[in-house]
Amino acid sequence: LFSHGWGRGPKEFGNHFFPTVFSSHLVQHEVVANYSHLFWVPGSDLALVPYMLLAHIDVVPADENDGWEVSPFSAKEIDGFIYGRGTIDNKQSVMGILQALEYLLIRGYSPQRGFFIGLGHDEEVGGLQGAMNIVKVLKRKGVQLAFILDEGLAVLDGVISGLQGPAALIGISEKGQATVKLSVFKAPGHSSMPPRESSIGILAGAVKRLEDNPMPILFGEGPERRTFEHLAHRVIVMERSPDTNAFLRTTTAVTMFNSGVKVNVLPSLAEAYVNLRIHPAQTVEEVLEFIQSTVGDERVKMELVNGFDPLPVSSYDETSFGFQTIKKTLLDQFPQVTVAPGVCIGNTDSRHYTDLAKDIYRFAPTWIRPGDTQRFHGINERISKKNYEELVVFYFNLIQNCDIKELPSPHSAGHEL
Ligand SMILES: *[C@@H]1O[C@H](CO)[C@@H](O)[C@H](O)[C@H]1NC(C)=O
Ligand SMILES: [Zn+2]
């Protein structure tokens, strides 16, 4: 929406949309790294540590010819749904946050606790320009944050095998990642006199061993134990379903396998790339050790192409200001949901913010129902108008709920959070 494709720069954008946000003396706005946006709304009580809301304005590509019912950038409405690339990743948060702020300002609201809004422009390719430069700006100002809320998990309704009723999973960590290159080198030769083992055969054996021996289940060692404890009365964990499996262990995916150039030449080199998503109870180093011992063949060379450890686990106990404020806001609005901490199996812009806040949550109250998970980065991405309005209300209430000085004691009657 902010992009140049619309033929309007941020200034004109401001004049046409969210006029109060862009004209209010309460809001400071700056463009970062040419396309990302940083807003600051100071609070009246300087003793209250500010927080930050994050979202991203970029999207993955979408091609009309892939089977979309409407043009993917039309935002066309059909039967109560807005269709378009980004409607659930992550325009719903971008627009929901700005719309909530617009309404609050129109009503004359001014916060006691200050807050930042960061809208990155390159999350889908790692956030190396947008998020990282916003972080630089904030670090220069010496900002520390009480908590951060970014995209990530959602309200899952009927999409986890065996779970009855909707569950709002608030991401308190993110899996890490590693890309590992395996290679086997052998002297080249002619196919008329093949050796007993070729470079391809040796590497294929290694890859097969990796697929036959998945990383250990770490259920009970990471925060997902809490997820399933909170949901215990409603869930049957099924390891065989790929979606729950991803929560329970480091996943191993062989994504590239290259070798050979000619039908009658034994290739000297065979290479495979393995992409791993690392469970919060493991590190990159431990994962490399596991691969080495599972492959168990010195002829297979292993090289870490890139990788990072899982993100730290944010607090979610009764004294956790961010978690409890998000939870209260959710339960006031959706009394029927179960709220539980969860682990993001993908990564978000917020991973660049770990120096600014100890507590980082990844969640928006987007309702995901059967069939919706394929719409992420897929065709016919959509959000219902009702759910979009719920997002606006959620941010509208959350901002106001953040004005409390401290959480009421968990045992004081009548103030239950
Ligand atoms: C911003 O745009 C200018 C001019 O096109 C360019 O030189 C600069 O590298 C850009 N900065 C970033 C962070 O992308
Ligand atoms: Zn996203």
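The values are calculated or read from the model by the stated rules, or taken from the named source; none is laboratory data. This one's a predicted model, so the numbers in the text were calculated from it and none came from an experiment. A quick note on method: Cβ atoms are made from the backbone with ideal geometry, for glycine too, and the neighbour counts reach across all protein chains shown. All accessible areas refer to the heavy atoms of the entire protein, side chains included, with ligands and DNA or RNA removed. Shrake-Rupley method; radii C 1.70, N 1.55, O 1.52, S 1.80 Å.
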**Q.** Packing-based ranking, highest mean first, of 248-254, 275-281 given that Cβ atoms within 10 Å are counted
**A.** 275-281, 248-254
Q.
Under 28 Å between alpha carbons, and skipping anything fewer than 8 positions from K386 in its own chain: which lysines qualify?
A. K76, K91, K327, K328
Q. Hey, rough spin-label estimate for R369 and S191, points 7 angstrom out along Cα→Cβ, what's it come to in nanometres?
A. 5.5
Q: Take the Cα of D45, step 7 Å along the line toward its Cβ, and report every residue of segment 341-358 whose backbone nitrogen sits under 11 Å from that point.
A: none
Q. By per-residue mean of other Cβ atoms within 10 Å, what is the highest-first order of 86-99, 56-69?
A. 86-99, 56-69
Q: At a Cα cut-off below 19 Å, give the aspartates and glutamates reachable from K136, other chains included and same-chain residues fewer than 8 away excluded.
A: E30, D122, E123, D150, D349, D355, D359
(Q) Run the helix sum for the chain: -39,500 (n - 2.57) per DSSP H stretch of 4+ residues, divided by residue count, reported at 222 nm to the nearest 500 deg cm²/dmol. (A) -8000 deg cm²/dmol
Q: Run through the DSSP bridge list for the chain and note the antiparallel percent, rounded to the nearest 5.
A: 70
Q) What are the semi-axes of the equivalent ellipsoid for the chain, taken as the square roots of 5 times the Cα gyration tensor eigenvalues, largest first, in whole Å? A) 42, 25, 21
Q) What angle do you read, to the nearest 10 degrees and between 0 and 90, between the alpha-carbon axis of helix 284-295 and the longest principal axis of the chain? A) 30
**Q.** Under 29 Å from the Cα of K186 - lysines, other chains or at least 8 residues apart
**A.** K208, K262, K301
Q: Can you send over the carbon and sulfur percentage of the accessible area for segment 136-202, probe radius 1.4 Å, protein chains only?
A: 55
Q: Report the normalised scattering of segment 47-112 as log10 I(q)/I(0) at q = 0.12, 0.13 Å⁻¹, calculated by the Debye formula with identical scatterers on the alpha carbons.
A: -0.46, -0.52
(Q) Compute a Gaussian network model of the chain, connecting alpha carbons closer than 10 Å, and tell me which residue from T319, T255, T338 fluctuates the most. (A) T255
(Q) Defining a contact as two alpha carbons under 8 Å apart and six or more residues distant in sequence, what relative contact order in percent does the chain show? (A) 25
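Ranked highest first by average number of other Cβ atoms within 10 Å, how do 402-408, 351-357 line up?
The packing order, highest mean first, is 351-357, 402-408.
Counting only C-alpha contacts under 8 Å and six or more residues apart, can you give the relative contact order of segment 326-417 as a whole percent?
Over segment 326-417, the number comes to 32 percent.
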